[in-house]
Protein chains: 2
Amino acid sequence: MTDRSDLVDALVQTSFTTMAVLTRVAADNDLSLTQFRVLAILRDRRVRMTDLAAYLGLEKSTMTGLVDRAEKRRLLLRAPNEQDGRAVDVFLSPEGVELVDRVRPHVERALAPMLAGLSPAHQHQLRDLMARMLSRPAGGPASTG
Amino acid sequence: MTDRSDLVDALVQTSFTTMAVLTRVAADNDLSLTQFRVLAILRDRRVRMTDLAAYLGLEKSTMTGLVDRAEKRRLLLRAPNEQDGRAVDVFLSPEGVELVDRVRPHVERALAPMLAGLSPAHQHQLRDLMARMLSRPAGGPASTG
DNA sequence: TATTGTTATACTCTATAACTATA
DNA sequence: TATAGTTATAGAGTATAACAATA
């Protein structure tokens, strides 16, 4: 109908399509989308359970399960936090790093067909517009405005 | 690193952010994201189970469960397909239509902060770029290229 | 008292395999 | 034989509530 709802529709459609591609790539590597995301976040970070849960918009008990399963597969490790005796740090194992590095190019390749319809100039435009959006508060998981 | 991977990162980030917003809106209305999507798809369509599953990239047995739960909540209905004695059509109940119509504006409102950082001209550009992407094959659920 | 994380529990989502009914 | 859908089963993802340990 309105311009605004056309834009919303396009954004939602694009997001579902992108998620479907990511889900497939993750599944091809025996990972759920959430597991894949956890590993990707930990690629260059060591974070506490609570921070990870907050970033993902999940409950801490959910985080426990996700980390349990990934730990059982030797993809990540837990260690007590140095500063806070209650907290637990999570970080990738060498196998986890290897997996993330191996899968990353698959993501780019899988999304390439979608992006191929855009000229380099248009791709540049699109990146800028999305970056501008992401620099704004989004009413995401944490902010229940 | 590369321009291409910057673009991929922006697309992935944008999609996760959008999904988080949609998940929250759905949850506020006692729906999972998948249930919400099913209802939205059926807003102006009557489709067979198999077609719905294919569109969502899910197994037919998964579809059975989703439709079972939504049917139990009186949000949609099943009816035998006229042409094919094996097939089952699915469509929204009046309550389902009411729900979808009620939730839709919430989606626009929830995504508005994200879009507010863009001028009308930029919003127009973004819509066009995303529409162009969506008109391309995306290596989505069905096409395992 | 408040926070961090786990455990117990329950429900949804999802897939695979086996089945029934129809084509 | 092949297709449409359901059922049975199993596992992952998710939340809520109760709990132990630490702050």
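Can you tell me which residues in region A:85-99 are near DNA strand D (Cβ under 9 Å from one of its atoms) and touching a residue at least 24 places away in the same chain (Cβ under 8 Å)?
In the first step, residues of region A:85-99 are kept if they are near DNA strand D (Cβ under 9 Å from one of its atoms); the result is A:85-87.
Answer for region A:85-99, where residues must be near DNA strand D (Cβ under 9 Å from one of its atoms) and touching a residue at least 24 places away in the same chain (Cβ under 8 Å): just A:A87.
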Seminar exercise, completed: Considering residues that are without any contact (Cβ under 8 Å) to a residue 12 or more places away in the chain and under 15 Å from A:M49 (Cβ atoms), the number found within region A:68-81 is 3
Exercise. Just wondering, is there one or more residues in region B:59-77 that are surrounded by 12 or more Cβ atoms within 10 Å (Cβ to Cβ), within 14 Å of chain A (Cβ to nearest Cβ) and within 21 Å of A:T14 (Cβ to Cβ)?
Worked result: no
Exercise. If we scan region B:124-145, do we find a residue that is of a type outside the set (A, V, I, L, M) and within 15 Å of the chain's Cα centre (by Cα)?
Worked result: yes
Exercise. Which of the following residues is under 30 Å from B:L118 (Cα atoms), within 14 Å of chain B (Cβ to nearest Cβ), in contact with a Gly (Cβ under 9 Å, 6 or more places away or on another chain) and among the small types (G, A, S): A:A40, A:A121, A:A53, A:A112?
Worked result: A:A112
For this session: Scan region A:47-62 for residues that are near DNA strand C (Cβ under 7 Å from one of its atoms) and either under 15 Å from A:F36 (Cβ atoms) or in contact (Cβ under 8 Å) with a residue 40 or more places away in the chain (or both) and jot them down.
Result: A:R48, A:M49
Problem set entry | Residues being part of a loop (DSSP other than H, G, I, E, B), near DNA strand D (Cβ under 9 Å from one of its atoms) and surrounded by 15 or more Cβ atoms within 10 Å (Cβ to Cβ) - total across region B:11-51 | 0
Seminar exercise, completed: When B:A54 is run through (1) assigned to a helix (DSSP H, G or I); (2) surrounded by fewer than 15 Cβ atoms within 10 Å (Cβ to Cβ), the failure sits at (2)
Seminar exercise, completed: Of the listed residues (A:V25, A:V21, A:V103, A:V97), the one being within 26 Å of B:L115 (Cα to Cα), away from DNA strand C (no atom under 12 Å from the Cβ) and modelled with pLDDT of 95 or more is A:V21
Exercise. Does B:E71 satisfy the criteria of being closer than 15 Å to B:R43 by Cβ, modelled with pLDDT of 95 or more and out of contact with any helix residue (DSSP H, G or I) (no Cβ under 9 Å at 6 or more places or on another chain)?
Worked result: no
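The values are calculated or read from the model by the stated rules, or taken from the named source; none is laboratory data. All of these numbers come straight from a predicted model, not from anything done at the bench. For neighbour counting, all protein chains shown are included, and Cβ atoms are generated from backbone atoms with ideal geometry for every residue, glycine included.
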